[in-house]
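Data first, discussion second: the structure below is written as structure tokens.
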Amino acid sequence: MKPKNIVLLGCTGSIGVSTQKVAADLPEQIRIIGMASRENVDGLEKAVRQFKPKAVAMTNREKAKELKRRTTASGDARATKILAGERGLVELATMPEADIVLVAIVGTAGLEPALAAIRAGKHLAVASKEILVMAGELVMSEARKHGVKVLPVDSEHSAIFQCLEGRTNDRNRDGRATMDDVKRLILTASGGPFRQTPREQFAKITVAQALKHPSWNMGPKITIDSATLFNKGLEMIEARWLFDVEVDRVDVVIHPQSVVHSMVEFLDGSILAQLSVPDMRYPIQYALTWPRRLPNSMPPTDLAKIGTLTFEKPDHQRFPSLRLAREAGRVGGTMPAVFNAANEVAVARFVDGQIGFPQIFETVERVMNAHRSGNRVVAPVSGRSGLLGAAATTPAGSWVASPTLDVILESDLWARKEAERAV
């Protein structure tokens, strides 16, 4: 296999650290040539010494200066260019030598470099949910336009991607493979720590309890999302765009063992599943080595040792996040961005102790209702004629059918302010 040059944006978070382990395990096949972190100087300095990338970036400019001082003192600065600010992410994402750009940046900061990478002809490995939740229509359209692949890093979407590989099916006019032979995409969920907790006890749930995930070791935001099942709602919207299916063909099943990472049910009733022990290095490696599979030093999956695999229906009454996600996916346009932003604010306020666990669901629903009842714009507002004439801006809170990146970011900002008001 010819070595692949990787740019890793978000190299010091949980996905970034796992990606570094995959690269260290396959040094002849995976070369990290660019890395970025927001402000973790220690983590990035260590990574620079290990991988010797051509360039790195820190979005926090003061932290970039500190990294520059440290690497200059150690002699590492001679081999690695150090960039600063948001533009540094775009510069890394468009490095001429890069084959794949893996975006593992939490929040909206990954959107611009992701689109820049696609437009520069780089394959995109997606670990940041916001990219496809907020701008799935735009991202996938640009990927088709520039002939690049969007490769999933989430274990659930990687599983579906693998189950769909090698199919022979018809093509649409634009060359896309149809999903006519697929009945359902089935995302699995661990159920989080509260899958058996009665709804009437939700008000007593503490932050410490919500941060105890039964299967995965992740950051606080993703861990809280797993406790509310908002993570699965976000994944439903991601799957809708990534695999070009209606959100009503995306289902969720609770699977506490987290060994079956997701499944695909076909029209003939057959179901394909992908299984492995819960370790993010598996989907990360497949995204980076696709379409090849390579041996590694990761632990094997011992089914006899695991013994039992169980499945349950999710309780939509206790976890309205799944209903809200399906609504956001059906409405489309700017609604998924609003759904995502309101949830981020609600989770932050729960962690701060300002609201209780049930208010996370209530806050998101209030903001979505406010967005739904606002003005409706059926065309992107970019100076062209639409229902609002030749207006150049969108009224605050308006729903837009096929938004540009600027409109998506405006909707995100509006939803955050609206969520703060709701809190």
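The values are calculated or read from the model by the stated rules, or taken from the named source; none is laboratory data. Being a predicted model, the structure only gives us computed values, none of them experimental. Note: ideal-geometry Cβ built from the backbone for every residue, glycine included; neighbour counts use all protein chains shown. What goes into the accessible areas is simple: the full protein's heavy atoms, side chains included, and nothing from ligands, DNA or RNA. Shrake-Rupley method; radii C 1.70, N 1.55, O 1.52, S 1.80 Å.
Remarks
- Filtered residue count, region 45-76, keeping only those that are aliphatic (A, V, I, L, M), in contact with a helix residue (DSSP H, G or I) (Cβ under 8 Å, 6 or more places away or on another chain) and over 18 Å from Cys11 (Cα atoms): 0
- Checking each residue in region 125-152 for being touching a strand residue (DSSP E or B) at 6+ places or on another chain (Cβ under 9 Å) and surrounded by fewer than 24 Cβ atoms within 10 Å (Cβ to Cβ) picks out Val139, Met140, Ala143, Val148, Lys149, Val150, Leu151.
- So Ser18, is it modelled with pLDDT under 95 and not acidic (Asp, Glu): no
- Between Thr310, Thr301, the distinction of being part of a loop (DSSP other than H, G, I, E, B), in contact with a Ser or Thr (Cβ under 6 Å, 6 or more places away or on another chain) and of a type outside the set (A, V, I, L, M, F, W, C) belongs to Thr301 only.
- Taking first residues from region 156-172 that are over 11 Å from Leu272 (Cα atoms) and among the hydroxyl-bearing types (Ser, Thr, Tyr) and partners that are modelled with pLDDT under 95 and assigned to a helix (DSSP H, G or I), no Cβ contact under 7 Å between residues at least 6 apart in sequence or on separate chains turns up.
- Scanning region 343-381 for residues that are assigned to a loop (DSSP other than H, G, I, E, B) and among the polar types (S, T, N, Q), we see that the one that is modelled with the lowest pLDDT is Asn375.
- Within region 241-253, residues that are open to solvent by less than 50 Å² (accessible area, probe 1.4 Å) have Cβ atoms under 7 Å from residues that are polar (S, T, N, Q) in these pairs: Val253/Thr188, counting only partners at least 6 apart in sequence or on another chain.
- Some residue of region 33-43 being within 29 Å of Ala143 (Cα to Cα) and over 21 Å from the mean Cα position of the chain (by Cα): yes
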